[in-house]
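What follows is calculated from the coordinates using simple rules that are stated; it is not laboratory data. For clarity, every value in this text was computed on a predicted model and none was experimentally measured.
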Amino acid sequence: MKYPVLSLCLVALALALLIGAPALAEEKKADTATHDGKVVSVSGNKLIMTDKDGNEHTHTLAADAKVWVDNKAAKADDLKPGMRIRVSTPKDDATKAVKIEALDKEKDFSKQ
């Protein structure tokens, strides 16, 4: 092999990514809170939902908010009234939605 040091570095980098990626994902989850409910309406970047007790909450969708319907990437416009949803918000700002998982045909939320 012409470049044994380079090969060794690439292997070390690959191992670091494999070991570090789950830790980063877990850290990101720790920074967010989730709550479940149902869609009341979506208009522009505003989501109105009800929680399990029927109380209404309004969330502003973050510019980079991720929306999933039945475990597939979607848009906020795909959310329909009555859909069951799980909203993720930063722990320090419960009014900003950074991720919305919705169920249309599926029974359970993904285990992500």
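Rounded to the nearest angstrom and listed largest first, the equivalent-ellipsoid semi-axes of region 33-103 from its Cα gyration tensor are 15, 14, 11. Each semi-axis of the equivalent ellipsoid for region 63-109 is √(5λ) with λ an eigenvalue of the Cα gyration tensor; in descending order they amount to 19, 11, 9 Å.
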